[in-house]
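These notes concern the structure reproduced below.
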Amino acid sequence: MVSIQKVTKANFHDTAKLEVHPEQKTFVAENWYSIIEASFEETYHSLVIYADNTPVGYAMYGMDTEDGEFWLVRFMTGKEHQGKGYGGDALTQIIEKVKNLPEKPARLRLSYELENVVAEKFYAKYGFEKTGEIIDGEAVADLWFER
């Protein structure tokens, strides 16, 4: 069973230790860095992805105070846990969480490295569509929520 939970003092170390495969390292920031970043951004939420009681990934979402949009800022599954469906289950839960926020955002945005075709296909599978925008060298994709 996959669940998403807040990063806490109790799960910080296990979350920070999760890594992607060496060839994926240029695609996502280290978890420890993201957790620190989230602690300085009041609108960001830092989450641990669990499979049963084992931390298997990390995600961060929140409202960008500059554009007022909700973004999936980070999303990763640890290398030893990839390909087991955990990421998809966690992404579905995050989408539902954002969709049902009191702010009622119209969409969830994300970006990924242009050469990360695996991410492009993964996010498209969950309804994210490329916008044609490039921000800081990354392709932007949006998931629009029906109202």
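Some observations on this one:
- Checked against the criterion of being part of a loop (DSSP other than H, G, I, E, B) and not charged (D, E, K, R), the candidates A16, A10 yield just one match: A10.
- Restricting segment 86-107 to residues that are more than 18 Å from A38 (Cβ to Cβ) and polar (S, T, N, Q), the residue that is farthest from the chain's Cα centre (by Cα): N100
- Residues that are surrounded by fewer than 22 Cβ atoms within 10 Å (Cβ to Cβ) and among the β-branched types (V, I, T), drawn from segment 50-80: T54, T65, V73
- Residue in segment 105-124 that is open to solvent by less than 40 Å² (accessible area, probe 1.4 Å) and in a helix (DSSP H, G or I) present: yes
- Residue that is free of Cβ contacts under 8 Å to residues at least 24 places away in the same chain and either assigned to a helix (DSSP H, G or I) or not charged (D, E, K, R) (or both), where the choices are E96, E66, E42: E96
Here is a yes/no grid of residues against (1) open to solvent by 40 Å² or more (accessible area, probe 1.4 Å); (2) more than 22 Å from A124 (Cβ to Cβ):
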residue: Q5; (1), (2): yes, yes
residue: F12; (1), (2): yes, yes
residue: E23; (1), (2): yes, no
residue: A38; (1), (2): no, yes
residue: V48; (1), (2): no, yes
residue: Q82; (1), (2): yes, no
residue: D89; (1), (2): yes, no
residue: I95; (1), (2): no, no
residue: N100; (1), (2): yes, yes
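- Residue check for G83: assigned to a loop (DSSP other than H, G, I, E, B) and within 24 Å of W32 (Cα to Cα): yes
- So W32, is it of a type in the set (F, W, Y) and in a helix (DSSP H, G or I): yes
The values are calculated or read from the model by the stated rules, or taken from the named source; none is laboratory data. Source: prediction; values computed, not measured. Positions of Cβ are generated from backbone atoms using ideal geometry, with glycine treated the same way; all protein chains shown enter the neighbour counts. Accessible surface is based on the protein model in full, side chains and every heavy atom, while ligands, DNA and RNA are left aside. Shrake-Rupley method; radii C 1.70, N 1.55, O 1.52, S 1.80 Å.
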